[in-house]
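Some notes on the structure that comes next.
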Amino acid sequence: MKYKSIIKALLTITVVAGLQSCDKDFTEIGSEIIGDNDLNIETYQVKDIISYTQPYGAVDTKNLISMPFGSIDNDEFGRVNSSFVTQVTSSSSTFDAINTSAVIDSVYVYIPYYSVYDKVENDVTYYKLENVVGEGSFNLEVYQNDYFLSEVNPGTGQALAYYSDWSSIFDAHKKGAQLNDVNKIQQSREVSFTKRNIIIYKRDKDGNVVINEETKKPEVAETLSPGLWLDLDTAPFQSMFTDILANKASFKEPSYFANYFRGLYFKASANSTKGLFGMINLANGKLVIRYKQEVDDANSQGEIVKKTVYNSVTLPFSNVSDTNNYQRTINVSLNSKGNADVLPSEKLGNKELGDDRVYVKGGEGSVAVIDLLNSNDFEELKKLREMNMMINDAILTVHVDINAMNKNQIPKRLYLYNYDNGLPLSDFLNDNSVNTEYSKLTFGGIYQAANAEAGISGNTYKFRITEYLRALVKNQANKSPKLAISATNNYNEAMLLTISNGTMNKLKLPIPNTIEEVKAVPTVATMFPLGTVLHGTKSTGKEKMTLQIYYTKIKK
């Protein structure tokens, strides 16, 4: 009968958990369940838990799936500047249509933001921007890059790493003058992220916008989602056309073009505002060169005459392929600070006693390491095994130091993983829960703000690590891998894929560790160079980092 009672209690737990909303997922379930006569639902707070700040320094940021971009004052983490370098790609037929009369009309860059449709007002479509922090703006300089980006070291054949602290290298390899229009302050000195769509209008042979005779409105050639739009100086690209016409055979090889035009350097820096930061979809970005030229055409009498036509060359910031060629594009994210001070997130925490505050920051940043059930020859771990408990739930609760953080900059989400091997926890991998805003709801890591009216104390992140704790207690080996909390924001599909695959980015300098040195951090951490301050295990009061186990105990 006791077996039936246990099953009954577990079914009750499952139903309650399934009905709870995102933040209700982490209600103390022991207080919500009425135990059977033969059972008790009890809680246990783990005592042997130490958390400390572990800075990891520069990291390889080659070919991130989402590019961090902007400049923002990130509270205790200081000013964060996030710049990038990217190649553009060509194919064997990219420049076939150009002739000797080609004159460049305009050059622009377009890189979409991550956004979802919001509404239409006065014939303008507005979007909600995702993974954008701050309400200010930043300065931007765009240059032609002259540092050759190669996938492998030709001497060794090994893949080359490009590190987040290489800003000075790319500064030293700027080619020519600034390309973006310095007279348009919204494209250079006050860059912000627009929420409205971008409309490209049709133009006639003279370059004038075509007006529809019936509607009296401009005719639309293309509509783009919100993104970074920059007009570039045409002079360097006119010189490029001259060189292409002089050597068209060579420019049919994408590798030749990649060496000739080594990409663009987007350098973000502070202006007088608090700044702005966001993730941009570089994979769908492009450099477009619009030009006009004369071509032969037949008139109504069949005579060959010269005709002016407008064409464009599109050079994507992503990989391209055709029947003859394939080229891999390289991009690099660059992090720099606004000052030279050593910040708290750059100082190693107390590994023996833990920290009262832990600093979690992405990019060239730090993680919060959690050393769990390892002390005194695994004394508490052995005790848990001896209790022969049936673990129903295990919740790690972490509080934000709200006095240290601007509430508008607190990341929507943090990521918890196995620090020793870099792999995601089974609780993460096995969680398929989702709603309109978040995935992996059961695993958690979602920021819950305080709400006095709703009775939510909040300002917390909570992680459900039930499967992890069950396996740890069940396994008779005396070992407990360390965990770590890294920065991220809300996951998109590509980010989820990198986590599920255990994708990591190489550190410039490995971190000493008990079992094996740590050589990489999760890719999602390198893509979000902002941070947050958390209460650690040495913090006092109710905001201390805790791990609660909820378990079923059979009455004797």
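The values are calculated or read from the model by the stated rules, or taken from the named source; none is laboratory data. Just so it is clear, the structure is predicted and the values come from calculations on it, not from any experiment. Note that each Cβ is placed from the backbone with ideal geometry, even for glycine, and that neighbours are counted across all protein chains shown. All accessible areas refer to the heavy atoms of the entire protein, side chains included, with ligands and DNA or RNA removed. Shrake-Rupley method; radii C 1.70, N 1.55, O 1.52, S 1.80 Å.
Descriptive notes on the structure:
- The chain: angle of helix 235-246 to the longest principal axis, Cα-based, in degrees nearest 10: 70 degrees
- Summed over qualifying helices (DSSP H, 4 residues or more, each -39500 (n - 2.57)) and divided by its residue number, the chain shows a 222 nm mean residue ellipticity of -4000 deg cm²/dmol.
- Relative contact order (%) - criterion: Cα under 8 Å, at least six apart; region: the chain: 26 percent
- Length available on full extension from Gln301 to Asn183: 0.36 nm per residue minus the Cα-Cα distance, which gives 37.7 nm.
- Compared with the direct C-alpha span, the chain from Asn99 to Glu453 gains 120.5 nm at full extension, assuming 0.36 nm per residue.
- At 1.306 mPa s and 10 °C, Stokes D of segment 357-490 from Kirkwood alpha-carbon radius, µm² per second: 98 µm²/s
- The chain - percent of accessible surface contributed by carbon and sulfur, probe 1.4 Å: 48 percent
- Square roots of 5 times each gyration tensor eigenvalue, C-alpha, segment 121-228, largest first, Å: 38, 20, 16
- Taking only Cα atoms of segment 203-285, radius of gyration then Dmax in Å: 19.0, 50
- When each of the peptides 348-354, 301-307 is scored by how many other beta carbons lie within 10 Å of its residues on average, the order from highest to lowest is 348-354, 301-307.
- Cα-based Rg / Dmax (Å) for segment 283-402: 31.5, 100
- Against the chain, whose longest principal axis is taken from its Cα atoms, helix 2-19 shows a tilt of about 30°.
- A Förster radius of 56 Å, combined with the Cβ-Cβ distance separating Ala404 from Asn247, puts the computed FRET efficiency at roughly 0.45.
- Note on Asn208 and Asp165: the model spin-label points, each 7 Å out from Cα along the C-beta direction, lie 5.9 nm apart.
- If R0 is taken as 45 Å, the Cβ-Cβ distance between Asp341 and Gln238 corresponds to a FRET efficiency of 0.50.
- By the Cα gyration tensor, segment 221-353 has an equivalent ellipsoid whose semi-axes, rounded to whole angstrom, run 45, 19, 15 from largest to smallest.
- Computed extension length for Ala221-Asn40: 58.3 nm, one decimal, from 0.36 nm per residue of separation with the Cα-Cα distance subtracted.
- Hull shadow area, averaged, segment 474-554 [alpha-carbon convex hull, nm²]: 9.2 nm²
- Pairs from Lys383/Lys506; Lys47/Lys553; Lys128/Lys292; Lys274/Lys462; Lys482/Lys538; Lys412/Lys544 whose Cα-Cα separation, in the structure shown, is over 26 Å: Lys383/Lys506; Lys128/Lys292; Lys274/Lys462
- Matching label, semi-axes √(5λ) of the Cα gyration tensor in Å computed from the structure shown, candidates [x] 41, 32, 27; [y] 53, 26, 22; [z] 44, 30, 23: [y]
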